[in-house]
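Comments concern the structure below.
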Amino acid sequence: MGVLNFIFQERSVTSMLTKHQKKDFSSLKVDIMNLNMITYFLIKKINRLAYLWKTTTREYILEEFVALRYIENGVILHLTNLDDDTNSKFSFRQAAKVINKSIKDRHLLDQLSSLLKSYRKNINGLKTKHRNIRIAHLNYDKDIRFDEFLEFETVLKPLIDQANLIAEFIWGEEIKAQFKLGSIEGVLDFRNDPTNLQIDIKKIEGFY
C-alpha cells in the first residue's frame, strides 16, 4: 500500500476571504474536512451493526458502541466549535469578524449574518444539552446507555449540511475531501457520495 494522502478538490467561485486570510483560517477548512470524514465513518460503522450482531461477540458489539459514542462526540465537537466565540481560527464567527472589516458588499455581509444567526439558533440545543453536559463538563445526572445516540437524520445531518454550506459560502469554493487509499483500493469521497450520509443497517452484508 502506498502513502495515504488527503486530496482536496475545489471549485472556484467568489471568495469572501483573501488568499492571506484563507491561509490564516486554514484550520476552519480542515475542521470541515474532518467533520465530513468522521461522519462518513460514523455512518459506515452504524450500517455494519446488523451484520456484526449476527456474526460476532457481545464484547465486540460493546467495543463498537463505545467507538461510535466517541465518533459521535467528535461530530458534536466539530459542529459546535464552528460556532465558537473565541479568537479561534476554526470559528465561523471569527472569520466573519475579519470579513466584516474587509468586505464592503452589504448584500454578502447580510447573507453571512443571516446564515450565522440561523446556525447559532440551530446548534444551540446540541451545545447546551450534549456538548456541555455530555462532553465538556460531564454534568448529567444519569449515565447514558451505551446504545443511546442522537437521531442522525433529524439532529446531526441538517447541522452538517448547514456547516458545509456556510464554510463554502465563506471560502468561496466547493470544499471536497477525499482520501487516497492506494493505486488498487482507489479513493474515498467523504462527502459527495450521497450514500455516505444514509443510515441503512441492512445494506452491508460484510466487510469491504
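No lab work stands behind these numbers, since they all come straight from the coordinates. Bear in mind that the values here come from a model prediction, so they are computed numbers and not experimental data. Neighbour counts run over all protein chains shown; Cβ positions are idealised from the backbone, glycine included.
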Would you please put 69-75, 179-185, 165-171 in order of how densely packed they are, using the mean number of other Cβ atoms within 10 angstrom per residue and starting with the highest? 165-171, 69-75, 179-185
May I have the pair-distance distribution P(r) for the range 15-197, computed from all Cα-Cα distances with 10 Å bins from 0 and rounded to whole percent? 8, 33, 32, 19, 7, 1, 0
Between His20 and Leu109, what's the calculated FRET efficiency when r is the beta-carbon distance and R0 is 25 Å? Round to 0.05. 0.80
Under Karplus coefficients 6.51, -1.76 and 1.60, residue-wise ³J(HN,Hα) of the range 73-80 in Hz, glycine/proline x: 4, x, 4, 4, 5, 4, 5, 6
From the square roots a ≥ b ≥ c of the eigenvalues of the alpha-carbon gyration tensor of the range 71-138, which class results: rounded (a/c under 1.5), prolate (a/b over b/c), or oblate? prolate
About the Cα centre, charge dipole magnitude for the range 15-197 (Lys/Arg +1, Asp/Glu -1 at Cβ), debye: 540 debye
Suppose each label sits 7 Å from its Cα in the direction of the beta carbon; what would the Lys117-Ser88 distance come out to in nanometres? 2.5 nm
Would you grab the residues whose amide H sits under 5 Å from the one on Lys176? Only those 5+ places off in sequence or on another chain, please, with H modelled 1.01 Å from N. Gln9
